[in-house]
Amino acid sequence: MQLIEKAGEMQKISEELRTAGKTIGFVPTMGFLHSGHLSLVDAARERCNTVIVSIYVNPTQFSPSEDFKQYPKDMERDLKLCKGHGTDFVFVPDDMEMYPNGFETEVKPGNIAADLEGRFRPTHFQGVATIVAKLFNIVKPHIAFFGQKDFQQSLVVKRMAQDLNFDLEIEVCPIVREPDGLAMSSRNTYLSAEERKAALVLYKAIQLAKEMVAKDERNAAAIEEKLHNFISAEKRAKIDYIAVRDCNNLKRIEKIEEGKAVLLLAVRIGKTRLIDNELLGEEK
Ligand code: AMP
């Protein structure tokens, strides 16, 4: 496994790999890796003969009030995990490499980024789209792997790749959860023992929604209301949003149709903001 710090060097390697007929699988991350990230590396390993992981905490996707400065890091451990999962190259640029003096061009996503996360984190997806576009141009992947955990992000990235003619495929991989159901996240490390227990309210709410749908509840607002009451009963939880939406474009829906709806949750537990989601009304 090779560690690459410079964009130019990474581009040169990627170009050579492409010329040699290799299929490049790419997993962009912000590090502090867990089994969710590693499931993407495994998926890349499965489908591609070269796997490139990037580790970069991108400042432009954090607002000034967010956790950029305290975002957890453990590069040594991350590199061991990448190696253990068959990564060929890890791209680890620094801020000057990604945003050198004079940098001023950004990618601005449209409607898909406006609501939900976009409403609570107004500059977030512009930062995400910009860094992902840069990474795509540096790593030149054939297939890029993203997690369903960040559902709206996966739609923003797909839309951007299509709109800006990136010549690659985006594969979205399932959410990896802790044994008790909490979706894995680097930010789970912020939770105290009490908060960690309270955080389970997101997964329980998802189970509740699935039970409602299994009992033929198809009304999106009825599910949102029930979940609102359920999550509000957890005193450590503060709801940012609970939304049942069209899973292709995140537009509001009245009724859940088979294979077309997603439940999205953003809840703060103490100071930690957690997101989770689940497709609803899928064929059984
Ligand atoms: P991050 O390091 O948080 O930027 O995440 C990097 C990639 O890992 C993104 O595509 C995430 O959606 C994905 N990811 C994060 N957590 C999980 C999880 N629990 N299961 C699957 N993928 C995940």
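The numbers here are math on the coordinates, done by the rules we state, and not lab data. Computed from a predicted structure; not experimentally measured. Using ideal geometry, Cβ is built from the backbone for each residue, glycine included, and neighbour counts are taken over all protein chains shown.
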Taking the 0 to 90 degree range and rounding to the nearest ten, how far is the long axis of helix 35-47 tilted relative to the main principal axis of the chain, both from C-alpha atoms? 60
Under the rule rounded for a/c under 1.5, else prolate if a/b exceeds b/c, else oblate, using alpha carbon gyration tensor axes a ≥ b ≥ c, segment 10-92 is classed as prolate
Go ahead and collect, in residue order, the members of segment 83-112 whose backbone nitrogen is under 13 Å from a label point 7 Å along the Cα-Cβ direction of K73. 92-96
Taking only Cα atoms of segment 152-284, radius of gyration then Dmax in Å: 15.6, 47
Förster radius 35 Å - calculated FRET efficiency between N101 and T19 (Cβ-Cβ, nearest 0.05): 0.60
For K197, which lysines qualify as cross-link partners when the Cα separation must be under 19 Å and same-chain residues fewer than eight apart are set aside? K235, K238, K271
For the chain, one quarter of the surface area of the C-alpha convex hull, expressed in nm², comes to 15.1
Per 0.36 nm of contour for each residue apart, how much would the distance between K260 and A214 grow if the chain were fully extended, relative to their Cα-Cα spacing? 15.0 nm
Which FRET efficiency value, to the nearest 0.05, do you get for K238 and L168 by plugging their Cβ-Cβ distance into 1/(1 + (r/R0)^6) with R0 = 35 Å? 0.40
